[in-house]
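The values are calculated or read from the model by the stated rules, or taken from the named source; none is laboratory data. Predicted model only: the values in this text are computed from it and were never measured. No Cβ is skipped: glycine too gets one built from the backbone with ideal geometry, and neighbour counts run over all protein chains shown. Surface areas here come from the heavy atoms of the whole protein model, side chains and all, with no ligands, DNA or RNA. Shrake-Rupley method; radii C 1.70, N 1.55, O 1.52, S 1.80 Å.
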Amino acid sequence: MALTHQAQSSESQAAAPLGASVARAALVMLFLLALAAALAIHLQNRLPQVLPEDAPPSEFSAARALKHLRIVAARPHPIGSQEHAAVRDYILRELSGLGLEAETQRTTAVNGRWGTPFGAGTVENVVARLKGTQGGRALLLVCHYDSVVNAPGASDDGAGVVTLLETARAIKAGPPLKNDIILLFTDGEEVGLLGANAFAAENPLAKEVGLFLNFEARGNSGPVVMFETTGGNGGMIRQLAAAAPRPLANSFFYEIYQRLPNDTDFTVLKGIGAQGMNFAFVNGINHYHTRLDTVEAINPGSLQHEGSYALALARRFGDADALDAKTANAVYFNPLGTSFVDYPGALVLPLLALTALLFGFALYKGIKAGEISTRGVAVGFAGTLAGVVASAALVWLAWWLVRAAQPAYRRVPWGEPYHSNAFRVGLVLLAVAATSSVYVIFRRRAGERGLLAGALICWLILSGLAGVAMPGGSYLFTLPLLFSALGLALV
């Protein structure tokens, strides 16, 4: 009895330091993951320095662009209003002041894409051309100059208007480009993409376009995201990565965007047979289509970022030999907001198959060596599902309680409360706590490696579904699984 008691006491003393060391290691790992996530978010959300009004003439200056914006977004200017006509006339005067021949495309446009009742109206697109030295296919820069009825439209899409004006001025200040650049300020975007429909259907310049860049906004701040492309985008992505300062883009954005009930002029222009990219800044959605969308509220850094895209890409594609060349679709992302990772979409399924084989090999070796049990894997799989359900349920309950305590949040535009990032961080921490608690319970039956292997089976299922249903977002599942399978194989 004494010997048995002494042995149990020794085991308890040995287990206590071991448990403490595991807890410390887990806390260190969580801290490092949080630090890496915070660093990635910081790098991706950095904005360029705003250039002053006395910046070199060949540079894009957000300070110069803001002078235009104070006039363009002085008050709401919906289609058909006197304020709308004043904005149109201002754009025409500024283009004329740059020595460009601008014209107004006045016509009646109908959009039957959304079914009855059809959107229709008389639009007045403003179009100007910067002649190139060699002609050929043209680069089209696009924005819309109408606003919704209740918003001054500083971001949506006054930012796009002044981006095109300042970009045209900077291009004129430098050496001429080989290709023509067409500036298109569409009308009636907010009431049914009417101006874009009119340009695509009736304007002969549409047939000359080889590539188009559309500039939009769904907020008042944040980095400008390239969130949509036309098909055959591999070459465009490489050009974007090489030319644009601080680009932010990934193929998952478009996989999400195309599943949302949203449209921009880009939707229509995809039908003219040219290549294209769509840009927008999206932070501060409370300002979107509300009277908060003012010049005072817009982030000048976001405007500088948008202008840096427009000018750099205009110069890049303005001197390109082939604007409408299509290549294979790419899977692409830039996790640190700098260099891009991209590979052909044709590699999505082979990469998934290779990852699945590696994971299967690691799992087989672990089970054969007795370091992983099939029961542990099954328990780990169940634990992962339980963690997902528990975290989702707790987050939903927490948000329901917040809205119950603050009923005014139900009436906030777009359902987005002010200072919403604080809520996001809190809910993420709640989800991590819920999942960690579930894993502590299931770890006792599955063991660490069984828990990991079971979780990776869930991830393998998600990778397979993503590879088939949304290949542009498959990297979010396949690449973490690949490195996790490598780690499991090594241990």
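How long is region 257-407 along each principal axis, judged by its Cα atoms, biggest number first, in Å?
Taking max minus min along each principal axis of the Cα atoms, region 257-407 gives 62, 55, 29 Å.
At 0.36 nm per residue, minus the direct Cα-Cα distance, what do L486 and R410 gain on full extension? Give it in nm, one decimal, please.
Between L486 and R410, full extension yields 22.8 nm more.
Starting from the Cα of A242, step 7 Å toward the Cβ, then list every residue of region 322-364 with an amide N under 16 Å from that point.
Under cut-off, by backbone N: 322-328, 339-343.
Can you tell me the dipole magnitude for region 307-436 around its Cα centre, using point charges on the Cβ only (Lys, Arg +1; Asp, Glu -1), in Debye to the nearest 20?
480
Once you keep just the Cα pairs under 8 angstrom separated by 6 or more residues, what percentage relative contact order results for region 352-463?
51
Once you keep just the Cα pairs under 8 angstrom separated by 6 or more residues, what percentage relative contact order results for the chain?
Computed value for the chain: 16 percent relative contact order.
Trypsin sites (Lys or Arg not before Pro) within region 170-234: which are DSSP loop residues with at most 15 other Cβ atoms inside 10 Å?
Counting only loop positions with at most 15 other Cβ atoms within 10 Å, the trypsin sites (Lys or Arg not before Pro) in region 170-234 are K178.
Among W399, Y332, A353, whose Cα projects farthest towards the positive end of the dipole of region 316-462, with charges put on the beta-carbon of Lys, Arg (+1) and Asp, Glu (-1)?
Positive-most Cα among the choices belongs to W399.
What FRET efficiency comes out for the pair R93/Q258, r = Cβ-Cβ distance, R0 = 41 Å, nearest 0.05?
Rounded to the nearest 0.05, the efficiency is 0.60.
Compute the label zone of A386 within region 417-438: residues whose backbone N is under 18 Å from the point 7 Å along Cα-to-Cβ.
Taking a point 7 Å out along Cα→Cβ of A386, the residues of region 417-438 whose backbone N falls under 18 Å are 431-438.
Would you mind getting me the FRET efficiency between L429 and A469? Use the beta-carbon distance for r and R0 = 30 Å, nearest 0.05.
0.50
When the Kirkwood radius is taken over all Cα pairs of region 355-491, what Stokes-Einstein diffusion coefficient follows at 25 °C and 0.890 mPa s, in µm²/s?
146
Explain nothing, just the number: dipole magnitude of region 389-455 about its Cα centre with +1 on each Lys and Arg Cβ and -1 on each Asp and Glu Cβ, in debye rounded to the nearest 20.
140
First compute the accessible area of the chain with a 1.4 Å probe, then give the percent of it belonging to carbon and sulfur atoms.
63
Excluding G318 itself, calculate the net charge of residues whose Cβ lies under 13 Å from the Cβ of G318, where each Lys or Arg counts +1 and each Asp or Glu counts -1.
With Lys, Arg at +1 and Asp, Glu at -1, the net is +4.
Please compare each pair in K131/K207; K207/K326; K67/K207; K178/K207; K67/K172 to a cut-off of 25 Å on the Cα-Cα distance and tell me which ones are over it.
K67/K207
Return one whole number: the accessible area per residue of the chain in Å², for a 1.4 Å probe.
48
Put +1 on the Cβ of each Lys and Arg and -1 on the Cβ of each Asp and Glu in region 142-255; which of A173, G192, N220 then has its Cα farthest toward the positive end of the dipole?
About the Cα centre, the residue reaching furthest to the positive side is A173.
Mind putting a number on the dipole of the chain about its Cα centre? Charges go on the C-beta only, +1 for Lys and Arg and -1 for Asp and Glu, and I need it in Debye to the nearest 20.
1560
Got a sec? Charge dipole of region 266-372, +1 on Cβ for Lys and Arg, -1 for Asp and Glu; which of I285, G318, Q304 is way out at the positive end?
Highest projection toward the positive end goes to I285.
Among the aspartates and glutamates, which have Cα under 20 Å from the Cα of K270 when same-chain residues fewer than 8 positions away are ignored?
Hits, sequence-local ones excluded: D157, D180, D187, E189, E190, E202, E208, E216, E228, E255, D324.
For helix 300-318, what angle does its Cα long axis make with the longest principal axis of the chain, in degrees from 0 to 90 and rounded to 10?
Orientation of helix 300-318: about 70 degrees from the principal axis.
How much length is gained if the chain between A40 and K178 is pulled fully straight, taking 0.36 nm per residue apart and subtracting their Cα-Cα distance, in nm to one decimal?
Net length gain for the segment: 45.9 nm.
If you average 1/r over every pair of different alpha-carbon atoms in region 158-283 and take one over that average, what Kirkwood value in Å do you get?
Averaging 1/r across every pair of different Cα atoms and inverting gives 15.6 Å.
Please compute the Kirkwood hydrodynamic radius of the chain from all pairs of different C-alpha atoms, in Å with one decimal.
This gives a value of 25.4 Å.
Compute the helix-to-body angle for 82-97: its Cα long axis versus the longest principal axis of the chain, expressed 0 to 90° and rounded to tens.
For helix 82-97, the angle is close to 80 degrees.
Between L30 and E59, what length in nm is gained on full extension when 0.36 nm per residue of separation is reduced by their alpha carbon distance?
Contour length minus the Cα-Cα distance gives 6.1 nm.
Normalising by the residue count of region 116-211, find the relative contact order in percent from Cα pairs under 8 Å and 6+ residues apart.
Relative contact order comes out at 46 percent.
Cα-based Rg (one decimal) and Dmax (whole number) for region 226-335, in Å?
Cα-based Rg and Dmax for region 226-335 come out at 14.9, 44 Å.
Starting from region 81-144, pick out the GluC sites (Glu not before Pro) whose DSSP state is loop and whose Cβ has at most 14 other Cβ atoms within 10 Å.
In loop regions of region 81-144 (DSSP not H, G, I, E or B), the sparsely surrounded GluC sites (Glu not before Pro) are E101.
Taking chymotrypsin sites (Phe, Trp or Tyr not before Pro) that fall in a DSSP loop and have at most 15 other Cβ atoms within 10 Å as cut points, what is the longest piece of the chain between them?
119-417
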